[in-house]
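Reading through the structure tokens given below for one structure.
The values are calculated or read from the model by the stated rules, or taken from the named source; none is laboratory data. All of these numbers come straight from a predicted model, not from anything done at the bench. Counting neighbours? That spans all protein chains shown, and the Cβs are built from the backbone with ideal geometry, glycine included. Remember, those area values only see protein heavy atoms, side chains included, never the ligands or the DNA or RNA. Shrake-Rupley method; radii C 1.70, N 1.55, O 1.52, S 1.80 Å.
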Amino acid sequence: MSIAGEPSFRESVDMMFKRATQLMDLGPGLEEKIRVCNSTYTVRFGVRLRGKIETFVGYRSVHSEHMEPVKGGIRYSLGVNQDEVEALAALMTYKCALVETPFGGSKGGLCIDPRKWDEHELEQITRRFAYELIKRDLINPAQNVPAPDMGTGEREMAWIADQYARMNTTDINAKACVTGKPPHAGGIQGRVEATGRGVQYALREFFRHGEDAAKAGLSGDLDGKRVIVQGLGNVGYHAAKFLAEEDGAKVIAIIERDGALVNDSGLDVEDVRQWMNRHGGLLAEYPKGQHIIDGAKALELPCDILIPAAMEGVINLSNAERIQAPLIIEAANGPITFGADEILRRKGCVIIPDMYANAGGVTVSYFEWVKNLSHIRFGRMQRRAEEARSRLLVEELERLSSDQHLGWQLGPDFKQKFLQGSDELALVRSGLDDTMRTAYQSMREVWHARQEVQDLRVAAYIVSIGRIAKTYQSKGL
Ligand code: NAD
């Protein structure tokens with residue numbers, strides 16, 4: 001989306017990048033090498049549908065190959081264009097470096113309204129698009145590994161994986177050519193909700209640092225915090241659901257394509273999502289909230305935390321002044337334009353930037369890729385061994401208690417939890433939580449240590465660009 005009087009998405013990302021590099025001492029030419037997009041492939045292909053040949057336009061952009069494979073989702077939307085795909089690919093490079101997943105950055109997109117086509121047609125279109133990318137190694141377990149993004153999900157990833165396997169029948173690592181697959185087709189537990197879960201872990205980590213929360217004028221933890229979420233798709237739904245159900249946050253507004261739902265006493269996220277599933281994705285008639293047709297207006301309502309989780313450019317020069325949230329977490333990529341970012345910072349709003357906030361998806365994608373390459377489910381070797389060791393300890397404690405007449409009694413709940421070895425889902429959550437905490441701490445260190453670094457976004461860029469620069473330098477570039 002290009003907004004009048006504002007830079008394009010790609011330009012906006014570059015301008016944010018430059019705010020950070022101004023504060024860094026990169027060697028001559030290195031700034032440009034890191035910033036530019038290496039290549040963008042455009043494909044136009046035809047599929048015979050409903051009695052005629054339909055032509056589609058798709059892109060796969062590779063921003064940086066300082067590490068391979070390169071990684072990044074495939075988006076299905078009518079708004080897809082080269083500028084958007086390149087901006088998203090650049091963000092992938094910075095994101096992967098920030099959360100230490102060993103990938104370069106890439107992104108793909110198909111200019112299509114997926115709601116216009118039925119499942120069988122979408123499968124034909126997806127397989128044909130995948131074919132075009134696979135034959136050019138723009139999908140390949142060692143070189144370029146896509147994942148879901150807006151408008152795509154497990155189903156599309158399973159089609160892509162199957163298409164790759166058909167075209168590469170002897171590639172033993174074929175399943176690692178794409179992540180975000182359903183668990184029964186080589187996926188990993190916890191990937192579907194990973195980005196939303198990552199948003200939750202990011203917020204928990206933020207509130208663990210009272211000093212940081214105080215910069216937004218907030219205190220305590222997530223309990224009772226008033227939240228507004230835009231986009232109840234994969235990312236927004238999971239983030240809002242977990243925050244409400246597990247952390248006691250109150251979701252007071254949900255913004256979707258057909259307007260916003262507002263309820264000051266809190267909306268039941270699961271109930272709203274079920275309603276949308278039954279009513280063609282529409283909120284309008286939902287009975288337990290007030291419906292506002294101009295949904296974007298709800299971004300401006302007072303709240304503690306605003307979660308834009310739909311698309312880029314929604315907070316821009318036209319509404320930034322009226323945004324009241326003291327804390328914004330960018331679950332979507334690029335929801336705040338460069339100009340709006342400046343206005344919000346001036347107003348004292350704290351922004352948890354996209355490259356960190358939505359990195360849960362690529363983090364768990366990394367786990368899935370490793371699982372596919374190792375051909376074994378996480379936890380399969382050690383789970384029962386862990387349980388056996390814990391059981392030994394519990395039995396020894398019980399024996400001591402009885403022999404020495406100590407009268408100790410281990411609570412049944414404790415015993416059950418302690419005895420349980422970690423399954424794949426538990427390990428994925430632990431790895432994700434660790435990643436989100438560690439990455440936050442690396443940003444906050446720069447944020448607090450350097451006076452000229454006044455916000456988390458610049459801190460995130462500094463950490464990330466510094467790591468990419470080191471990789472280039474060690475390659476002798
Ligand atoms: P999705 O297609 O599952 O959901 C997007 C939701 O936003 C849909 O419910 C849609 O109806 C709604 N929406 C679209 N336009 C809107 C508008 N103008 N106003 C309000 N709502 C609108 O997509 P997603 O996968 O949840 O991705 C959302 C954002 O998160 C994108 O920016 C994407 O790049 C980013 N992201 C996604 C992942 C992932 O794992 N899926 C990972 C990282 C970042």
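Semi-axes of the equivalent ellipsoid of the chain are 34, 29, 26 Å, computed as sqrt(5λ) over the eigenvalues of the C-alpha gyration tensor in descending order. Here's how it looks for residue 144: its modeled amide H is under 5 Å from those of 70, which are all 5 or more places away or on a different chain.
Karplus-derived 3J(HN,Hα) values for the stretch 379-387, using 6.51 cos²θ - 1.76 cosθ + 1.60 with θ = phi - 60°, are x, 4, 7, 9, 4, 6, 5, 4, 4 Hz; glycine and proline are entered as x. When nucleic acids and ligands are ignored and a 1.4 Å probe is applied, residue 303 ends up with an accessible area of around 10 Å².
Hey, got a sec? Which trypsin sites (Lys or Arg not before Pro) in the stretch 1-103 land in a DSSP loop and have at most 15 other Cβ atoms within 10 Å? The qualifying sites are 50.
For a straight C-alpha distance cut-off of 19 angstrom, the lysines reachable from residue 241 (same-chain residues fewer than eight places away being disregarded) are 225, 250, 288.
For the stretch 365-477, what is the accessible area per residue in Å² when the probe is 1.4 Å? Let's see the in-between values first.
Numbers: 6910 Å² over 113 residues.
For the stretch 365-477, the solvent-accessible area averages 61 Å² per residue.
Between residue 53 and residue 400, full extension at 0.36 nm per residue minus the direct alpha carbon distance yields a gain of 117.2 nm.
Report, in whole Å, the centroid distance computed from the Cα atoms of the stretch 17-72 and the stretch 395-441. Centre-to-centre distance over Cα atoms comes out at 45 Å.
Here the dipole of the stretch 1-110 is about 620 debye; that uses its Cα centre as origin and unit charges on the Cβ of Lys and Arg (positive) and Asp and Glu (negative). Think of each Lys and Arg Cβ as +1 and each Asp and Glu Cβ as -1; about the Cα centre, that makes the dipole of the chain roughly 1000 debye.
Compute the Cα gyration tensor for the stretch 154-292, then decide on rounded, prolate or oblate, letting a ≥ b ≥ c be the square roots of its eigenvalues: rounded whenever a/c is under 1.5, prolate when a/b is larger than b/c in the other cases, and oblate in all that remain.
On the way: a/c = 3.44, a/b = 1.56, b/c = 2.20.
Verdict is oblate for the stretch 154-292.
Using a 1.4 Å probe on the protein chains only, how many percent of the accessible area of the stretch 70-144 belongs to carbon and sulfur?
Values: 1030 of 2280 Å².
For the stretch 70-144, the apolar C and S fraction of the accessible surface comes to 45 percent.
In the context of the full set of protein chains, residues of the stretch 41-185 present 37 Å² of accessible surface per residue (probe radius 1.4 Å, heavy atoms only).
For the stretch 337-446, what % of the accessible area comes from carbon and sulfur atoms, probe 1.4 Å?
Details: 3140 of 5980 Å².
The computed percentage sits at 52.
Backbone geometry of the stretch 112-121 corresponds, through the Karplus equation with coefficients 6.51, -1.76 and 1.60 at θ = phi - 60°, to 3J(HN,Hα) couplings of 7, 9, x, 6, 7, 10, 7, 4, 4, 5 Hz, x marking Gly and Pro. At a probe radius of 1.4 angstrom, the accessible area of the stretch 194-360 per residue rounds to 35 square angstrom.
Expressed as a whole percent, the accessible surface of the stretch 245-292 that belongs to carbon and sulfur atoms is 44, based on a 1.4 Å probe.
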